[in-house]
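The values are calculated or read from the model by the stated rules, or taken from the named source; none is laboratory data. Bear in mind the structure is a predicted one, so any value in this text is a computation, not a measurement. Because the Cβ atoms are built from the backbone with ideal geometry, glycine has one as well, and the counts that use them run over all protein chains shown.
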Amino acid sequence: MKKLIAMGEALIDWIPQETGKGISDVEAFAPKVGGAPANVCAAYRLLGGESAMITQLGEDPFGDKIINLLNDYDVNTGYIRRSHDANTSLAFVALKEDGNREFSFYRKPGADMLYKPEYLKREWFENAFAFHFCSVSLGDFPMKDAHKVAIEYARAAGALISFDPNLRFNLWDSKEALKEAVEEFIPFADVLKISDEELEFITGCADIEDALAGLFKQGVKMVIYTQGADGASAYTRGNHGHASGEKVKAVDTTGAGDSFIGAVLAYMSQNGMDLSNIEDTPDDKLEEMLKFANHYSALSVQRPGAISSYPKLEEL
């Protein structure tokens, strides 16, 4: 398996020690390393691939905690910068009675937001399989411009570009600003992961079938559509695969979507799916890919935390 590079936020998720309450009512939280791109790096590495994280952390104990854990999982931390200008980002999470998660971010700014384009090195992207990113780091700060340079370097190296919008509305001044950022970056994506909760906001369509033509017109080669317990579908211009969700008792869904896309990218790398052929992936191969990712994610939600909940390849 070739290298996966992910870029964006690596942070501390503060996980509630009790569920069924909002953040203001939770009595205690436990710190866990998270941040969607970092989660994807860990999942890909656990599934046998090499991965590297690009971000910036504060010169603080939380930054140390992130570096130490990623090193424990053998994720390459050599591309991570440390800064005295801002602290490591924090995210408090609660699981309310209705099953929805509530987030509160401490990131004004976080060190990751201040990562500059000139920090990137073209040689990092040589022989990379894919470059993965999300929308959290696409606000109006230096990290957004750094993403554009990273995409340029990844594209020149022949890597797949994978984009999971992973919408977090309370990090943005307005929903319009978030939508504009996502729309700006979709044309860069070869693989686009989008959930049923995000579909209408991003595309204006309530049905994935109605949204596909517009996404493919923008250059997307594969759309991964997730529907929680109802499973997931994958679409190219000519092919389609679906896999039902696995019935499990979820303990903690934090990082579940990241484990899923990490498993999708690992499967693609293991099976030689790249820019030259992903649009030709047959239906049965798409289904197999989704079953693999669903199973990996189903195992992860039965344990607390994000990275700490991800199983190793041999556990599958």
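Values as computed for the structure displayed
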item: Filter result for Pro165 (in contact (Cβ under 8 Å) with a residue 24 or more places away in the chain and farther than 16 Å from Ala6 by Cβ); result: no
item: Met222 vs. criteria closer than 14 Å to Ala189 by Cβ, without any contact (Cβ under 8 Å) to a residue 60 or more places away in the chain and either buried (at least 20 other Cβ atoms within 10 Å of the Cβ) or under 17 Å from the mean Cα position of the chain (by Cα) (or both); result: yes
item: Among (1) in a helix (DSSP H, G or I); (2) closer than 25 Å to Ser51 by Cβ; (3) small (Gly, Ala, Ser); (4) modelled with pLDDT of 95 or more - the single one Gly257 does not satisfy; result: (4)
item: Segments classed as strands (runs of 3 or more DSSP E), wholly inside segment 77-116, with at least 1 members that are aromatic (Phe, Trp, Tyr); result: 90-95, 101-106
item: Counted residues, segment 166-187 - those being out of contact with any Gly (no Cβ under 8 Å at 6 or more places or on another chain) and of a type in the set (Phe, Trp, Tyr); result: 2
item: Single unsatisfied condition, Arg237 versus (1) charged (D, E, K, R); (2) closer than 24 Å to Ala94 by Cα; (3) in contact (Cβ under 8 Å) with a residue 24 or more places away in the chain; result: (2)
item: Members of segment 279-316 that are more than 18 Å from the chain's Cα centre (by Cα), in a helix (DSSP H, G or I) and surrounded by fewer than 20 Cβ atoms within 10 Å (Cβ to Cβ); result: Glu279, Asp280, Asp283, Asp284, Lys285, Glu287, Glu288, Lys291, Leu313, Glu314, Glu315
item: Complete set of residues in segment 65-76 that are in contact (Cβ under 8 Å) with a residue 60 or more places away in the chain and either loosely packed, with under 14 Cβ neighbours inside 10 Å or in a loop (DSSP other than H, G, I, E, B) (or both); result: Tyr73
item: Residue match in segment 245-254 (condition: closer than 22 Å to Asp284 by Cα and at pLDDT 95 or above); result: no
item: Candidate set: segment 129-150, residues that are part of a loop (DSSP other than H, G, I, E, B) and more than 18 Å from the chain's Cα centre (by Cα); chosen: the one surrounded by the most Cβ atoms within 10 Å (Cβ to Cβ); result: Phe141
item: From Ala266, Ala232, residue being in contact with a helix residue (DSSP H, G or I) (Cβ under 7 Å, 6 or more places away or on another chain) and closer than 23 Å to Ala157 by Cβ; result: Ala266
item: Residue match in segment 39-50 (condition: in a strand (DSSP E or B) and surrounded by fewer than 24 Cβ atoms within 10 Å (Cβ to Cβ)); result: no
item: Subset of segment 151-193 that is among the β-branched types (Val, Ile, Thr) and over 14 Å from His132 (Cβ atoms) - its residue that is surrounded by the most Cβ atoms within 10 Å (Cβ to Cβ); result: Val182
item: Checklist (1) of a type outside the set (Gly, Ala, Ser); (2) crowded, with 18+ Cβ neighbours inside 10 Å; (3) touching a strand residue (DSSP E or B) at 6+ places or on another chain (Cβ under 7 Å); (4) in a loop (DSSP other than H, G, I, E, B) applied to Met273, failing item; result: (3)
item: Count of residues meeting criterion [closer than 30 Å to Pro304 by Cβ and surrounded by 14 or more Cβ atoms within 10 Å (Cβ to Cβ)] in segment 102-128; result: 12
item: Hey, Asp252 in contact with a Leu (Cβ under 8 Å, 6 or more places away or on another chain), within 22 Å of Arg168 (Cα to Cα) and surrounded by 20 or more Cβ atoms within 10 Å (Cβ to Cβ) or not; result: yes
